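Down below is the structure, laid out as structure tokens.
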């Protein structure tokens, strides 16, 4: 059995590798596919196969995936056009390599999700189906870390900013979603399944700000900006145009309920509750 994880050098990919190791998967059966192997030598030192592979390089990625029984295909980053192009290239490589089962990290309700960049996931899912590869789609809701990475600055300035209004988001942590990927990669009965994965509860920014205030011992408000103002604010922080616009557009759809639905699928897969707001805030403020 060989389990390949592409984008294994990223936050989620590394957590998938760590979770597999914690589950007792022999290190030599785990293949971490990364763009820069030198940056993953800590994994190699633990016996994990570390190989070079890039979503933009069909021959190289084909060799990196060859012989893989399971492939945890973590979606790429970048502009929508770049991401889809990379995903289609990766699928071509996976098919050429003859991988046994592809496990793709997608977005909730990919076919109908109104968040603009959801179209990348919709098209990627369709391409995977068309490839004939056995698949499982992990439709991950938002990561807590999308928000909590900036909590120290939010506490300093007394504000969590966004453009979600009173919209709810069913956050879970990267570790929660990584655990789900590891479960699907190491157990049977998941081929052809589409899992809508969410946290156990959906939260408003006001609820999150209240928890941050409680733990920080300082008032932190949820400040709602209109989408264009939020885009300009993000651009002012140095985010590239595609990302500042993408995040502002996503927030406007979250305000309308795009990420509010809650399922128990993630909790059931990983066999434990998902990360709560209190736990997410505690981890962020410690960091």
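Taking a ≥ b ≥ c as the square roots of the Cα gyration tensor eigenvalues, with a/c under 1.5 meaning rounded and otherwise prolate when a/b beats b/c, else oblate, which class fits segment 1-156?
On the way: a/c = 1.71, a/b = 1.09, b/c = 1.56.
Oblate is the answer for segment 1-156, as a/c is 1.5 or above yet b/c matches or exceeds a/b.
Using the Cβ-Cβ distance between residue 214 and residue 268 with R0 set to 45 Å, the FRET efficiency from 1/(1 + (r/R0)^6) comes to roughly 0.90.
Using only Cα atoms, what is the ratio of the radius of gyration of segment 56-141 to 2.2 N^0.38 Å? The partial results should precede the final answer.
Values: Rg = 12.2 Å, N = 86, 2.2 N^0.38 = 12.0 Å.
Against the compact-globule rule of thumb, the ratio is 1.02.
Angle of helix 11-22 to the longest C-alpha principal axis of the chain, folded into 0 to 90 degrees and rounded to 10: 60°. Each peptide in 209-217, 9-17 gets a packing score, the mean of other Cβ atoms within 10 Å over its residues, and the list from highest to lowest is 9-17, 209-217.
Once both labels are positioned 7 Å from their Cα atoms along Cα-to-Cβ, the gap between residue 56 and residue 126 label points is 2.5 nm. For the chain, the antiparallel share of DSSP beta bridges with both residues in that region comes to about 5%. With angles folded into 0 to 90 degrees, how steeply does helix 118-131 sit against the dominant principal axis of the chain? Use alpha carbons for both and round to 10. The helix 118-131 is inclined about 20 degrees to the chain. Using C-alpha pairs under 8 Å with a sequence gap of at least 6, the mean separation divided by the residue count of segment 62-207 gives a relative contact order of 25 percent. A protection proxy built from the mean count of other Cβ atoms within 10 Å ranks the segments 84-92, 66-74, most packed first, as 66-74, 84-92. How far is helix 80-97 tilted, in degrees, relative to the longest principal axis of the Cα atoms in the chain, given as a value from 0 to 90 rounded to the nearest 10? The helix 80-97 is inclined about 20 degrees to the chain. DSSP finds beta bridges in segment 3-140, and of those with both partners inside it, around 0 percent are antiparallel. Contact order for segment 3-140, expressed relative to its length and based on alpha carbon pairs under 8 Å spaced 6+ residues apart, stands at 21 percent.
Of the options (1) 1.14; (2) 0.92; (3) 1.00, only one is Cα Rg over 2.2 N^0.38 Å as computed from these coordinates, and that is (3).
For the pair residue 157 and residue 1, the difference between a 0.36 nm per residue extended length and the Cα-Cα distance amounts to 51.2 nm.
A short reminder: the numbers here are calculations on the coordinates, not readings from a lab. As the structure is a prediction and not an experimental result, all values here were calculated from the model. Glycine gets a Cβ as well: all are built from the backbone with ideal geometry, and neighbour counts include every protein chain shown.
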